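Below is one structure, written out as structure tokens; comments come after it.
The values are calculated or read from the model by the stated rules, or taken from the named source; none is laboratory data. Just so it is clear, the structure is predicted and the values come from calculations on it, not from any experiment. Note that we place each Cβ from the backbone using ideal geometry, even for glycine, and neighbour counts take in every protein chain shown. Please note that ligands, DNA and RNA were not included when accessible areas were found on the heavy atoms of the full protein model with its side chains. Shrake-Rupley method; radii C 1.70, N 1.55, O 1.52, S 1.80 Å.
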Amino acid sequence: AGIGKCVALELARRNARTILACRNRERGQAAVEEIRAATGNPAVLLRLLDTSSLASVRAFAQAVLREETRLDVLVNNAGLTGLPFAITPEGLEQTFATNYLGPFLLTNLLLG
């Protein structure tokens, strides 16, 4: 939803192979189908990613590096605010993990 969906829509309009990295499978698949229908681009894919989980970030990065021959653009758009204090299963503060640690790790894992 929001800015991320708009960016993905524009990339797909430009005929880019576009991977939507979403936490929620149902909402993500709905966005994929909507973007495919709006752009006619069948190369819009869903991959699950929860940036608050470093294990999820590592698994996502490994899959991208294994499945994709190249990565031209990475848009780190995940973020949350205003939630009550919470600790992830990995012992990290959830907002910090989601907004900073996860995207930082993802970027570094995907660098050549």
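The charge dipole of segment 7-97, taken about the Cα centre with unit charges on the Cβ atoms of Lys, Arg (+1) and Asp, Glu (-1), comes to about 260 debye, rounded to the nearest 20. Summing charges over neighbours of LEU9, with a neighbour being any other residue whose Cβ is under 13 Å away from its Cβ, gives +1 when K and R count +1 and D and E count -1. Selection among VAL32, LEU54, LEU109 by position relative to the dipole of the chain gives VAL32 as farthest towards the positive end (Cβ unit charges, Cα centre).
At 20 °C and 1.002 mPa s, what whole-number value in µm²/s does Stokes-Einstein give for the translational diffusion of the chain, with Rh from the Kirkwood sum over Cα pairs? Estimated via Stokes-Einstein, D reaches 146 µm²/s.
Computed per residue of the chain from DSSP H runs no shorter than four, each worth -39500 (n - 2.57), the mean residue ellipticity at 222 nm is -14000 deg cm²/dmol.
Within segment 53-111, the ratio Rg/Rh, alpha carbon atoms throughout and Rh by Kirkwood, equals 1.02.
Of all the accessible heavy-atom surface of segment 1-48, with the other protein chains kept in place and a 1.4 Å probe, what percent is carbon and sulfur?
51
The portion of the accessible surface of segment 53-111 made up by carbon and sulfur, rounded to a whole percent, is 60 (1.4 Å probe; DNA, RNA and ligands excluded). Averaged per residue, the chain has 64 square angstrom of accessible surface, using a 1.4 angstrom probe with ligands and nucleic acids left out.
Count charges around GLY28 for me, please; just the other residues with Cβ under 14 Å from its Cβ, Lys/Arg as +1, Asp/Glu as -1.
On the way: positive: LYS5, ARG23, ARG25, ARG27, ARG36, ARG47; negative: GLU26, GLU33, GLU34, ASP50.
Within the 14 Å Cβ shell, the charges total +2.
If Lys and Arg each add +1 and Asp and Glu each add -1, what is the summed charge of the other residues whose beta carbon sits under 15 Å from the beta carbon of GLY112?
Working: positive: ARG66, ARG70; negative: GLU68, ASP72.
Residues close to GLY112 contribute a combined charge of 0.
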